[in-house]
Amino acid sequence: MFRRAKKNVSVIEIGKDWLKIVQAQLFIKEKKVSRVVVEKISGLSDDLISEKLKNLAKSEDINSLYLCLCVPHAQATVKSIELPSTHEDEIRNMLDLQIGKQTPFSREEVIFDHAVLNISEEGYSKVLLVIIHKDIVERFLNIIHGAGLKTDNIGLSSEGLLKWAEISCHSRISDDSFILMDVDYDSCDFEVIHEKHIIFSRNISFGMADFTGDKGEWRKKITEQLNHCLYAFQNEFPEKETLKLVITGADRINEAIDIEDMKKDLNMAIELVPQFKNIPEKREFRDDELSAEVSYPELLGLVLTYPEHDINLIPQELLLEREVKEKGKNLFLCGAYIFLFILLGSVFFLGKIYNKERYLGQIQDKLENIRPKVEKLENMTEKIMIIEARQKTKDYSLNLIHEIHGLISPDIHLTSIIYDGKTHFTLRGTSKNTSEVFKFVNSLEESGFFINVKAKYATKRNEGDKELTDFEIVCPLEIPLENDVKEKK
């Protein structure tokens, strides 16, 4: 039995300190996480990171056809804005004009994408805008290119975190707003989710690397950062109330957070959700391979929903370049197929012509071989036919002479009878009367042996006291002997 080839989807995040890779295996109706790899890269150059990634690509079977890059929230600007349009093209154009107001960089220096959160009855669209500097994306692309990889999909960690929440916390996602905080090694993602959309997003420069073992000190700092984010959210969305806080992230977070104390500090419901809760995994997947200080929910969300992502930060010029190359490749292949079709048709056609010419040549060779025999047979056949005709008409001349003799009157004297052997008898003689000559001509015509009998001449002359007429009569045969011979042929 043949085994079906595996299809591995890979999501790579190149952070400040860690290189993370999460893989999922594609099945007919589902994906299952099959591998999580994490490598320390702090202090390494981009070339060394590429070399490390190149080795991992070989050992972990990373396929560029199913590859997504994850940009950490800390590297991007994420904002929620409202625009007076519901048409995608108009929204894109408005955002293009808004970039200069939202960042200190020019339009040419950044890459942006967006996701529509909701549309109001008044015709306004709430849009999540994501902006990232081109240099950051180009650095990530150069690193994976150095590893022999490429991708057309660059996602954002915040969207991956939302997708993770839909899988791990699907029973908690409702129409009410809640806060989702992902605690990573050197930062935290603060996302406010409402109706399955991120409506507010912040990055906190504080993570597990800041935990020194003192829970009270760590809780005090994280609570302070959370209050700043809550204050900013309430200023932007005064009509919305957050009911609870869901915390996930690095496994060591259990050592750093005292849930009951944080509930008192923030005066809100708090739930700690393990990052791999409800995540579909393969049996051979092992948690003990992971670093306890690193967070994976954003990669898990992206890998399990690939390629259905709303945000893609791939440079447009790169997409256009690859599209042109793809079209060129398709045109080349199309031309190659047409050329191959013509070539095969020509080979087939020329092959048939060659076979016919070869067959004709064989026939001609055989004809040349039998030609002497055929010519010999033709000559023999002609001789036989002549002999048969002569045999058939051997008494014909005598019968004609007998017929002529019976038609001659006593006044006519024949001096010669000439027969050419084929079609004509010529009679020459002398008559006492010219009228007898023409009677003789009429008699020959009516005999049935001759046709178109004519007197070639009838000349009078005197001999003594007598007047004589010399004549010559041409008598074509009714049935020439030569016709009979031709019919035989």
- Task: Kindly write out, for segment 33-39 in residue order, the coupling ³J(HN,Hα) from the Karplus curve 6.51 cos²θ - 1.76 cosθ + 1.60 (θ = phi - 60°), rounded to whole Hz, with x marking Gly and Pro.
- Result: 5, 10, 6, 10, 10, 9, 10
- Note on the structure: To the nearest 10 degrees, the tilt of helix 434-446 (Cα long axis) against the first principal axis of the alpha carbons of the chain is 40
- Quick one: which residues, 5+ away or cross-chain, put their amide H under 5 Å from the amide H of Lys244? H built at 1.01 Å from N. Ile179
- Item | Reachable aspartates and glutamates, given that their alpha-carbon falls under 15 Å from the alpha-carbon of Lys32 and they are not under 8 places away in the same chain | Glu281, Glu284, Asp287
- Go through Thr434, His145, Pro372 and say which Cα lies farthest out towards the positive end of the charge dipole of the chain; charges sit on Cβ, +1 for Lys and Arg, -1 for Asp and Glu. Thr434
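Provide the FRET efficiency to the nearest 0.05 for the Thr212-Ser45 pair, computing r from the beta carbons and using R0 = 35 Å. Don't skip to the answer; put the middle values down first.
Details: r = 29 Å, r/R0 = 0.84.
After rounding, the FRET efficiency stands at 0.75.
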- Item | Relative exposure of Val474, Val347, Val441, judged by other C-beta atoms within 10 Å (fewest first) | Val347, Val474, Val441
- Task: Determine the dipole magnitude for segment 324-392: charges of +1 sit on the beta-carbon of Lys and Arg, -1 on that of Asp and Glu, nothing else is charged, the reference point is the Cα centre, and the result goes in debye to the nearest 20.
- Result: 200
- Taking the dipole of segment 8-314 about the Cα centre (Lys, Arg +1; Asp, Glu -1; charges at Cβ), the one of Ser158, Val36, Asn227 that reaches farthest to the positive side is Val36
- Message: As a test, work out the antiparallel percent of DSSP beta bridges whose residues both lie in segment 8-314, rounded to the nearest 5.
- Response: 70
- Message: Using a 7 Å offset from the Cα along the Cα-to-Cβ direction at both Glu108 and His405, what is the distance between the two label points in nm, to one decimal?
- Response: 13.1
- Please turn the phi angles of segment 357-369 into ³J(HN,Hα) values with the Karplus equation 6.51 cos²θ - 1.76 cosθ + 1.60 (θ = phi - 60°), one per residue in order, whole Hz, x for glycine and proline. 5, 5, 5, 5, x, 5, 5, 5, 4, 5, 4, 4, 5
- Query: Quick one: Karplus J couplings for segment 74-79, per residue in order, coefficients 6.51, -1.76, 1.60, θ = phi - 60°, nearest Hz, x for Gly and Pro?
  - Reply: 4, 8, 10, 10, 10, 9
- Message: Need the full-extension length gain, Glu317 to Tyr457, defined as separation in residues times 0.36 nm minus the C-alpha distance. One decimal, nm.
- Response: 39.1 nm
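Beyond a 29 Å Cα-Cα separation, which of these cross-linked pairs lie in this structure: Lys31/Lys58; Lys240/Lys282; Lys134/Lys163? Don't skip to the end; give the middle numbers.
On the way: Lys31/Lys58 21 Å; Lys240/Lys282 40 Å; Lys134/Lys163 25 Å.
Among Lys31/Lys58; Lys240/Lys282; Lys134/Lys163, the Cα-Cα distance tops 29 Å for Lys240/Lys282.
Taking square-rooted eigenvalues a ≥ b ≥ c of the alpha carbon gyration tensor, is the chain rounded, prolate or oblate, where a/c under 1.5 means rounded and, failing that, a/b exceeding b/c means prolate? List each step's numbers first, then the result.
Numbers: a/c = 6.44, a/b = 4.60, b/c = 1.40.
The shape class here is prolate.
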- Between His87 and Lys383, what length in nm is gained on full extension when 0.36 nm per residue of separation is reduced by their alpha carbon distance? 96.3 nm
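Roughly how big is segment 8-314's charge dipole about its Cα centre, with Cβ charges of +1 (Lys, Arg) and -1 (Asp, Glu), in debye to the nearest 20?
Here segment 8-314 has a charge dipole of around 560 debye.
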- Task: Any chance you could run the full-extension gain for Lys325 through Arg428? It's 0.36 nm times the residue separation minus the Cα-Cα distance, nm to one decimal.
- Result: 26.6 nm
- Note on the structure: The alpha-carbon center of segment 173-250 and that of segment 68-128 are separated, in whole Å, by 22
- Message: Of His405, His194, Leu318, which is farthest towards the positive pole of the chain's charge dipole, taken about the Cα centre with +1 and -1 on the beta-carbons of Lys, Arg and Asp, Glu respectively?
- Response: His405
- In degrees rounded to 10, the 0-90 angle between helix 88-102 Cα long axis and the longest Cα principal axis of the chain is 40
- Note on the structure: Looking only at lysines whose Cα falls under 20 Å of Lys383's and that sit 8 or more positions away or on another chain, we get Lys373, Lys392, Lys394, Lys422, Lys486, Lys488, Lys489
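Only helical DSSP H runs with n ≥ 4 go in: add -39500 (n - 2.57) per run for the chain, normalise by residue count and round the 222 nm mean residue ellipticity to 500 deg cm²/dmol.
Details: 12 runs with 206 residues, N = 489.
It comes out at -14000 deg cm²/dmol, rounded to the nearest 500.
For Glu241 and Leu340, what is the calculated FRET efficiency with R₀ set at 45 Å and r taken between the beta-carbons, to the nearest 0.05?
That gives a FRET efficiency of 0.10.
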- Query: How many nm is it between the label spots at Ala292 and Glu368, if each spot is 7 Å from the Cα in line with the beta carbon?
  - Reply: 9.7
- Item | Spatial separation of Cα centroids for segment 405-436 and segment 329-365, in angstrom | 77
- Query: Cα axis of helix 157-168 to longest principal axis of the chain: angle in degrees, 0 to 90, nearest 10?
  - Reply: 90
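What ranking of Leu95, Leu333, Leu69, Leu180 emerges when the number of other C-beta atoms within 10 Å of each C-beta is taken as an exposure proxy, fewest first? Present the calculation step by step, with values, prior to reporting the outcome.
Working: Leu95 18, Leu333 10, Leu69 23, Leu180 26.
Arranged by neighbour count, lowest to highest, Leu95, Leu333, Leu69, Leu180 become Leu333, Leu95, Leu69, Leu180.
Bear in mind these aren't lab numbers, they're just calculated from the coordinates by the rules spelled out. Every value quoted in this text rests on a predicted model; they were computed, and no experiment measured them. Note that we place each Cβ from the backbone using ideal geometry, even for glycine, and neighbour counts take in every protein chain shown.
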